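The values are calculated or read from the model by the stated rules, or taken from the named source; none is laboratory data. Keep in mind that this is a model prediction, so the values were computed, not measured. Counting neighbours? That spans all protein chains shown, and the Cβs are built from the backbone with ideal geometry, glycine included. Quick note on the areas: whole protein, heavy atoms, side chains included, nothing else; ligands and nucleic acids left out. Shrake-Rupley method; radii C 1.70, N 1.55, O 1.52, S 1.80 Å.
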Amino acid sequence: MNSIKQVPTRVRSKRTEANLGAEREHFDKKQLSSISKAINSTETPVKEKHARRIILGTHREKGAFTFWSYALGFPLASSSILSWKFCHVLHKVLRDGHRNVLQDCTRHHSSIVEIGKLWSSLHDRYGQLVALYTKLLCTKMEFHVKHADIPPNLEVSDEVLERVAGTDINNVFQLTVEVFDYMDAELRLAETVIRQLNTSIAISTLTSGQCRLSPLIQVIQDCSHLYHFTVKLLFKLHACLPADTLQGHRDRFHDQFHSLKTFFNKARDMMFFKRMIQIPKLPDSPPNFLHAASLAKHVKPVVVIPDDDEPEQPDDDDDDPEPLIDISSASTSMAEAPPQQVDIFDRAFGPPNGGFDDRDLQIDSLKRDLESLRAELERVKAEAQRYITQLKSQINSLEAELEEQRAQKQRALVENEQLRMELEATRRRNAEHESLQATFIEADQRSQATEQRYNKLKEKHTELVASHAELLRRSADTVKMLSATQQTQEEVERTKNQLSFEMDRIKQDSDMKLEEQKFEMEKLRRELEEKMAEIMRVRATLQTSEKTTDQVNSSMSALQAEKERLMRSVSEKEAELSSLRQSAQLQQSSLQQEREKSSRELGELQGKLQEKAGQEGQLKQKLLAEQFALLQGTVVEAESIIQDAVAKLDDPLHIRCTSSPDYLISRAEAALGSVDKVKTGHADYLRNMGDAGGLVRALTQFSHLTADTIINGSATAHMAPTDHADRLTENCKGCATESLQFLQDLKSKISLQRADPASIRIVIQRILHLGQELRPKGMDIRQDELGDLVEKEMASTSAAIEEAVRRINEMMNQARKDTTGIKLEVNEGILKSCTELMEAIRMLIIASTELQKEIVDDGRGAATIKEFYAKNSRWTEGLISAAKAVGWGATEMVESADKVVLHTGKYEELIVCSHEIAASTAQLVAASKVKAGRNSKRLTVLQQASRRVNEMAANVVASTKTGQDNLEEKDTMDFSGLSLIRLKKEEMESQVKVLELESHLENERVRLGELRRKHYELAGAPLEQLSEGNGDSFSLPHSANMSPKHTKPALLRKPQLAQKPNMSPKSLYK
């Protein structure tokens, strides 16, 4: 039965359900409106308020079921812009939505992948972006599903990151790789968007550009956290693993670091991001993971997004206040202020009296006043600027506080909304509690009815038991009656059977009903116990809900009080801001009055300054005239100097004067420098005719140096050949003519502009060239190049020796392949001795180089190495000649050895090359010994190396002769079969051949002497060093350390005349 108390509860439950249904319908309508407005095919950015409503909807329903129910109905395959904005909204929902959103979105992972694959195969700009965006979203969902402790907004503490990474280094390594992949997906999307924006005409202030750029705000937020994660994880890996193992991780991090820094710098320069997000600055260089202390220098990049209700729409409030001082208008007013034409001093004191003009004093005083006013004006401007800066800082601080109050207000609204949602949830729980209470009452009623039915059944069971006992008594009576009467036996029997059957049936029915009643009683007892437990739980929940409701009400009242306090503080701040603005306006008006006063006084003083400027112009004209007169006097003096030099060319007394080509060259070079100075001074004078000092000085130097060049050129011509003398004299006269013409052009203001000393330079260059031609031939090499030439020759000699050793080794290897037997032994002996000789020469070159360094260091003092070589030019040239001879001799020896091994040359060539190398090394030693100290250890080393060279040269000669003797076949001289007449004839033929060879030898010796003479002439050696004979006894003056003089071999000596045999003629015919 239903009682009257139960009616209000049921009515209230129905009303609550109706309100909840209406609220749910309103919520769905709002969500549909926000989703359809946020995700559309218009190329505009997603408005923040629509995205915020969608995100709040996920928090309200604790998931993204409503969002996906509407999002799946969009035709994403038909519009790339629609797909792009869907990905943007999904990214924001994943980041800022309820924690259950990730699970709801994971269920639609395959749909997102299909959208990406569809647009990746199409050639569409937004399609490419959608393909990259879907990959990013899939990577994001997979990462956060795998690592549930890291929320999709990536805002976790370092302790949580350490807990996720764990202590297993393999897990840390894998997590680092996943974070790298996550960052790569973010950077690929950002780089593609920036690249498309750069290639298109759209900019960040247009809706088309903002549509592409708006998702990068979430990308920047993700990248800042991912960069911090990567740095932490890499430092942890480097603390556990060797650096070589993590080289790939470091390279990948460096690439991501530079890409992220480039992306942040580009985004920071865009106007769209400047008002939407504060992008952090990354360090100039990536962290040094090899140095563990660098972790302390790491600063986590923090992205700040200002709280703004509608960032897409321009705000009516102007953040930049108007300047309190309009400098442009002030400067315009000062410029437009007409100068006073009337002299205030004349108006006050009258015209000058008695011919005494005190205007200069007045001008000076006015200037001082003007400077003081300017200083005062600058001070006032600086003070005003300081006030402006202070006011702006105060305004900025107040605006920051206002923004903070707005943010707190926004947070309070969000918390209020959350509390309202919790209150609604509490109300729903109360309604559920009421429905449970009604159910409990109904269950109590059903239990009472069951108990009543149980009592009734119990009564019926008692009645049946009583009736059963009565029947038993009746059966006994009947038995007694049957025994008494036989007539009614059949009837009694039938009655007995009927009664027994009825008794069994009743007994069975009673047993069955009893079992059913017991089972139903047990069931009702269990239901009663469950309902009682449920009632206890509902009562506890109801008490908890009532406590929560009280807490919510108290927090709501506290929030309302806090809201009222914040509103009062905002109003106070606004009042203070208005008062500050009024004070700033008053200050601006006072500064404006001061500026106007200063501009009037400045205009009065400018008139005086203009008069003074006129006087200064007159003085300037006078200065120009004086400078031109000074220039003319200098030109006349220069003409007289050059004309005096020209007159000396034809002076008979000058014919006996001579000069060297070197001095002429020095004078000509100095004259060329003076011509350049004249040209520079002329150009400076044309630019500023008020200063002729530079041109006057240049003309003075030019005239003296040119006259000196003309006189020395004529004096040099007196010692030169006829052809050179004539050309030198003509060029000297031409130089004088061109110089006088140039000076003549300088005399007139009309021709002053076209005066050019280029023709003078050409003539002086000709004189310089003739002087260089007249220099001795031995001076072809400049002295400042001798030092470099010595080093080059010594280096080239060392290179030639090394090349010779290499070629000898190659020839030895080739000889071992091509020859055998006695020839191989001969070739190996010759090449081995040549190799030893080259090694000795190489050691000699090294010792000579070390000795030269010691000589230069000891002898140059404060001078440079080049200056030392130039100072000792003769010694340097001898050193160069000796080095060249050693290098050439080594090269020739290699060529001769090659020919001997190949049997195309002569053994004598190898011997001569050995002698030539010994002589050249002796010359090199002698040249080095000239400048060396007596106690020099390096000189001793050089002498030992020289003796080693001589020994090795002798070994080459000996091995060559030995090989020649071994290879040549000598005929045995057997004269036993010859008669006396035949022997006499052979002797005469042999003497004839000897005489022919001696004559040929004498001719070759004469030719050798002439060749050596010519060689020393070309080498610059004096002819007195050559011997008087045919050159056989020729030796260098510094050949003391050479080997002893070789005597002529027996074959080259003149044989003695054969004596007649001491026998009688008679014995010949016996």
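Things to note:
- Surface accessible to a 1.4 Å probe, LYS513 within the full protein complex, Å²: 110 Å²
- The stretch 690-763, relative contact order [Cα under 8 Å, separation at least 6], %: 23 percent
- Considering only alpha-carbon pairs that sit under 8 angstrom and 6 or more positions apart, the relative contact order computed for the stretch 160-301 is 28 percent.
- Local electrostatic count at SER959 - Lys and Arg +1, Asp and Glu -1, tallied over other residues with Cβ under 13 Å: -3
- Dipole-positive endmost among ASN396, VAL414, SER447 within the stretch 384-454 (Cβ charges, Cα centre): ASN396
- In plain terms, the bigger the Kirkwood radius, the slower the diffusion; for the stretch 367-446, with that radius from Cα pairs, at 37 °C and 0.692 mPa s, Stokes-Einstein puts D at 173 µm²/s.
- Span per principal axis, largest first, for the Cα atoms of the stretch 59-121 (Å): 36, 19, 18
- With bins 5 Å wide beginning at 0, the percent of Cα pairs of the stretch 86-151 falling in each bin runs 3, 18, 30, 23, 14, 8, 3, 1.
- Applied to the stretch 690-702, the Karplus parametrisation 6.51 cos²θ - 1.76 cosθ + 1.60 on θ = phi - 60° returns per-residue 3J(HN,Hα) values of x, 9, 9, x, x, 5, 5, 5, 5, 5, 4, 5, 4 Hz, with x for Gly and Pro.
- On a per residue basis, the convex hull of the C-alpha atoms belonging to the stretch 555-616 measures out at 66 Å³.
- Pairwise Cα inverse-distance average, inverted: Kirkwood Rh of the stretch 21-109 (Å): 13.0 Å
- When Rg and Dmax are taken over the Cα atoms of the stretch 630-683, they come to 14.4, 41 Å.
- Rounded to the nearest Hz, the phi-derived 3J(HN,Hα) couplings of the stretch 258-273 under the Karplus curve 6.51 cos²θ - 1.76 cosθ + 1.60 (θ = phi - 60°) are 5, 5, 5, 5, 4, 5, 5, 5, 5, 5, 5, 7, 7, 5, 4, 7, where x marks glycine and proline.
- Equivalent-ellipsoid semi-axes of the stretch 675-726, from the Cα gyration tensor, Å, largest first: 34, 10, 5
- In terms of its Cα atoms, the stretch 643-789 spans 51, 45, 19 Å along the principal axes, sorted from long to short.
- Rg/Rh for the stretch 105-183 stands at 1.08; both radii use Cα atoms, and Rh follows the Kirkwood definition.
- Per-residue ³J(HN,Hα) for the stretch 175-191, Karplus 6.51 cos²θ - 1.76 cosθ + 1.60, θ = phi - 60°, Hz, x for Gly and Pro: 5, 5, 4, 5, 5, 4, 4, 4, 5, 4, 4, 4, 5, 4, 5, 5, 5
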